[in-house]
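**Q** Starting off with a structure, shown below.
The values are calculated or read from the model by the stated rules, or taken from the named source; none is laboratory data. Values in this document were obtained by computation on a predicted structure and should not be read as measured data. Because the Cβ atoms are built from the backbone with ideal geometry, glycine has one as well, and the counts that use them run over all protein chains shown.
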Amino acid sequence: MSQVRVRFAPSPTGFLHIGGVRTALFNWLYARQQKGVFILRIEDTDQSRSTDESIQAIVEGMKWVGLDWDEGPFRQTERMDLYRGHAMKLLEKGCAYWCVCKSEELETRRKEAEAKGLSPRYDGRCRALGIASPTGEAALRFKAPQEGQTVIDDLIKGKIVFDNSVLDDLIILRSNGYPTYNFSVVVDDALMNITHVVRGDDHLTNTPRQVPIFEALGFPVPRFGHLPMILGSDKARLSKRHGATSIMAYKEMGYLSEAMVNYLVRLGWSHGDQEIFTRQELIEKFSWDHVQKSAAVFNPEKLLWMNAEYIKTSPPSRIAQELIPLLEGAGLKDETRAASPDWLAQLVVLVRERAKTLTDMVMWVTPYFGQTVSYDEESVKKFLTPTMAPILSKLLARFEKFPSFFKQEWEECFKKLVEEEGMKMGQLAQPVRVALTGRAASPGLFEVMEVLGRERTLLRLRKGIERATGA
RNA sequence: GGUCCCAUCGUCUAGCCUGGCCUAGGACGGAGCCCUCUCAAGGCUUAAACACGGGUUCGAAUCCCGUUGGGACCA
């Protein structure tokens, strides 16, 4: 068996969306598993809608999710001569013919056919004419087979049979000299020696139109695989109104690319009951026969869960690295730069169980920067009350006697005071929590003190007492 | 309209090819309980599905036929 060559061929008409990433991902996984080649090809023949910014966005998105390509990016607009050359070859071989039908004529004939209950395809008027060299406007049409069947053994859907009698003589070169989509794809896939064409199943009915072109051109026909679509919660095709569809929007919302990849690959593919996969496992375990045949609904809640899983289990130093730019962007530039990598990692461990995204984490982590905190007024009102001031002072006095912070020691000291005062743990813990973090919800109190260190813990306790007494 | 594709809990899915191990398993989300200094995390428990109808068979989620319902493409 020759080397596997697959491709991802997006149109640069906007950002890289989630569905595109998943298609690319399946191709990439297969290429890596088979030690094959993954090619990036930009289908920009529709010049009215294609932009360079979109190409940049595609490249940026692919890089973020770590889908590296071995060849390309190729641009179809740079390959126009190839399409024209091969179109002429088909003409010479007698597999194509010039068509001088005007588009208005075609439209009226199509409507007539429809009215008679016939299929609205091209009636083949110019096929018999055999125009050698047309004067004026002419499009080149492919002589599609009119009898027999085209059979596709799809990697995902299995055997699919199409009657050739339904095939149109489709235009391969427009009168303006530009190739049509179906033609340029075939020429590229053939010339790039693509062995497996894997794309969205919205292309399924294009396939029997393309196969005869491969054959007419004298190229081997690749294997095909058609991936089911991704749907929104209302079962309609995923679009903007279902929320973010751009892959980079998820980066901005604080998602980890590994979580994104893991979620997307599980959307339509499975390996038993396993949910979490390392990239290496994905490469090893991926297989076409476990790709689902039916469309899948994109579930943001499960994605969120998966992101939280990755936040909890990734090395803290790695999460800290991801967090740094976000912290700097959140107005903590100087503080972040002053912090040591170890302390940052310690912070990540402190809050990672409660952050589902990196943006979440920024919020959780903010109170531990700087000497003092800003208080949440609700919480102050509820817990930092004047009646609490004396006992907080007592606690402060005892803590001050310790020359340095030892978690176990301080915790024992704290609990002893609670007991002496006949209080419940929570009665003292909450006011202290607000003093230290400014909020009523935080990680464990003594873990917080550990991250803060002796000096800042004492300082914040003092400030808290001042607030409680109303100073 | 024509052609093609698809159909297991609300969602992602296992099981289907190679019928019995399925009183249908896992995950997300939901509900409840436990743990607990708050918020989480975690643990345990729980509700929830084989689209429908016919066959084939001792036996069907699994094989066959049909119906219904979704979707894609062609315009």
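**Q** Pick from the range A:205-231 the residues that are near RNA strand B (Cβ under 10 Å from one of its atoms) and part of a loop (DSSP other than H, G, I, E, B): which of them is farthest from the chain's Cα centre (by Cα)?
**A** Ranking the candidates gives A:P228 first.
**Q** Conditions first: (1) in a loop (DSSP other than H, G, I, E, B); (2) within 14 Å of RNA strand B (Cβ to nearest atom). A:G331 passes all but one, so which condition is the exception?
**A** (2)
**Q** Quick check on the range A:382-390. Is at least one of its residues more than 28 Å from A:L347 (Cβ to Cβ), exposed (fewer than 14 other Cβ atoms within 10 Å of the Cβ) and within 10 Å of RNA strand B (Cβ to nearest atom)? Break it down stepwise before answering.
**A** Taking the range A:382-390 as the starting set, the residues that turn out to be more than 28 Å from A:L347 (Cβ to Cβ) are A:385-387, A:389-390.
Still in the list and also exposed (fewer than 14 other Cβ atoms within 10 Å of the Cβ): A:386-387, A:390.
Keeping just the survivors that are within 10 Å of RNA strand B (Cβ to nearest atom) gives none.
For the range A:382-390, residues more than 28 Å from A:L347 (Cβ to Cβ), exposed (fewer than 14 other Cβ atoms within 10 Å of the Cβ) and within 10 Å of RNA strand B (Cβ to nearest atom): absent.
**Q** Do you know which of the residues in the range A:308-326 that are free of Cβ contacts under 8 Å to residues at least 40 places away in the same chain and more than 16 Å from RNA strand B (Cβ to nearest atom) is surrounded by the most Cβ atoms within 10 Å (Cβ to Cβ)? Full working, then the answer.
**A** From the range A:308-326, those free of Cβ contacts under 8 Å to residues at least 40 places away in the same chain are A:313, A:315-318, A:320-321, A:324-325; that's our starting set.
Checking the rest, the ones that are also more than 16 Å from RNA strand B (Cβ to nearest atom) come to A:315, A:317-318, A:320-321, A:324-325.
Details: A:P315: 10, A:S317: 12, A:R318: 14, A:A320: 23, A:Q321: 14, A:I324: 16, A:P325: 11.
Across the range A:308-326, the extreme among qualifying residues is A:A320.
**Q** Mind listing just one residue for me: the one in the range A:234-244 that is assigned to a loop (DSSP other than H, G, I, E, B) and near RNA strand B (Cβ under 7 Å from one of its atoms) and, of those, nearest to A:A296 (Cα to Cα)?
**A** Ranking the qualifying residues of the range A:234-244, first place goes to A:K235.
**Q** Have a look at A:S374, A:S379 and point out the one that is hydroxyl-bearing (S, T, Y), in a helix (DSSP H, G or I), on the phi < 0 side of the Ramachandran plot and modelled with pLDDT under 95. Even if it seems obvious, please write down each step before you answer.
**A** Numbers: A:S374 fails: in a helix (DSSP H, G or I).
After ruling out the rest, the residue left standing is A:S379.
**Q** Let me ask something else about it. Could you list all residues from the range A:127-158 that are within 16 Å of RNA strand B (Cβ to nearest atom) and outside any loop (DSSP other than H, G, I, E, B)?
**A** A:A139, A:L140, A:R141, A:F142, A:Q149, A:T150, A:V151, A:I152, A:D153, A:D154, A:G158
**Q** Anything in the range A:394-450 that is hydroxyl-bearing (S, T, Y) and surrounded by 14 or more Cβ atoms within 10 Å (Cβ to Cβ)? List them, or say none.
**A** A:T437, A:S442
**Q** A:S287 fails exactly one of the following numbered conditions: (1) touching a Leu at 6+ places or on another chain (Cβ under 9 Å); (2) among the hydroxyl-bearing types (S, T, Y); (3) more than 25 Å from A:K312 (Cβ to Cβ). What is the number of that condition?
**A** (1)
**Q** Which residues, counting only those in the range A:284-294, are part of a loop (DSSP other than H, G, I, E, B), in contact with a strand residue (DSSP E or B) (Cβ under 8 Å, 6 or more places away or on another chain) and within 6 Å of RNA strand B (Cβ to nearest atom)?
**A** Of the range A:284-294, the ones part of a loop (DSSP other than H, G, I, E, B) are A:286-287, A:292-294.
Subset that is in contact with a strand residue (DSSP E or B) (Cβ under 8 Å, 6 or more places away or on another chain): A:286, A:292.
Selection gives A:Q292 alone.
**Q** Any idea how many residues of the range A:424-456 are near RNA strand B (Cβ under 6 Å from one of its atoms), assigned to a helix (DSSP H, G or I) and polar (S, T, N, Q)?
**A** Counting residues in the range A:424-456 that are near RNA strand B (Cβ under 6 Å from one of its atoms), assigned to a helix (DSSP H, G or I) and polar (S, T, N, Q) gives 1.
**Q** Tell me the residue from A:Y375, A:Y368 that is over 22 Å from A:T469 (Cβ atoms) and either within 10 Å of RNA strand B (Cβ to nearest atom) or hydroxyl-bearing (S, T, Y) (or both), please. Before the answer, list the steps.
**A** Working: A:Y375 fails: over 22 Å from A:T469 (Cβ atoms).
Matching residue, one of A:Y375, A:Y368: A:Y368.
**Q** While we're looking at this one, here's another question. Name every residue in the range A:161-203 that is farther than 24 Å from A:C95 by Cβ and either among the aromatic types (F, W, Y) or within 12 Å of RNA strand B (Cβ to nearest atom) (or both), in order of residue number.
**A** A:R199, A:G200, A:D201, A:D202
**Q** For the range A:168-183, give me each residue that is surrounded by fewer than 24 Cβ atoms within 10 Å (Cβ to Cβ) and on the phi < 0 side of the Ramachandran plot. Break it down into steps so the answer makes sense when it comes.
**A** Residues of the range A:168-183 that are surrounded by fewer than 24 Cβ atoms within 10 Å (Cβ to Cβ), as a first pass: A:168-171, A:174-178, A:180-182.
Matches in the range A:168-183: A:D168, A:D169, A:L170, A:I171, A:R174, A:S175, A:N176, A:Y178, A:T180, A:Y181, A:N182.
**Q** Here is a further query. What are the residues in the range A:253-283 that are within 12 Å of RNA strand B (Cβ to nearest atom), closer than 14 Å to A:K302 by Cβ and either assigned to a loop (DSSP other than H, G, I, E, B) or basic (K, R) (or both), if any?
**A** A:R266, A:L267, A:G268, A:S270, A:E275, A:I276
**Q** Criterion first (within 28 Å of the chain's Cα centre (by Cα) and of a type in the set (F, W, Y)) does A:W343 satisfy it?
**A** Working: within 28 Å of the chain's Cα centre (by Cα): no; of a type in the set (F, W, Y): yes.
No; evaluated as a whole, the condition is false for this residue.
**Q** Give A:T77, A:T45 a once-over and let me know the one that is of a type in the set (S, T, Y), under 20 Å from A:V185 (Cα atoms) and not in a helix (DSSP H, G or I).
**A** A:T45
**Q** Of the residues that make up the range A:162-175, is at least one under 13 Å from A:F224 (Cβ atoms) and either more than 35 Å from the chain's Cα centre (by Cα) or charged (D, E, K, R) (or both)? Give the derivation first.
**A** Taking the range A:162-175 as the starting set, the residues that turn out to be under 13 Å from A:F224 (Cβ atoms) are A:162.
After this cut, where a residue has to be either more than 35 Å from the chain's Cα centre (by Cα) or charged (D, E, K, R) (or both) as well, the list is none.
No, there is no match, as no residue in the range A:162-175 is under 13 Å from A:F224 (Cβ atoms) and either more than 35 Å from the chain's Cα centre (by Cα) or charged (D, E, K, R) (or both).
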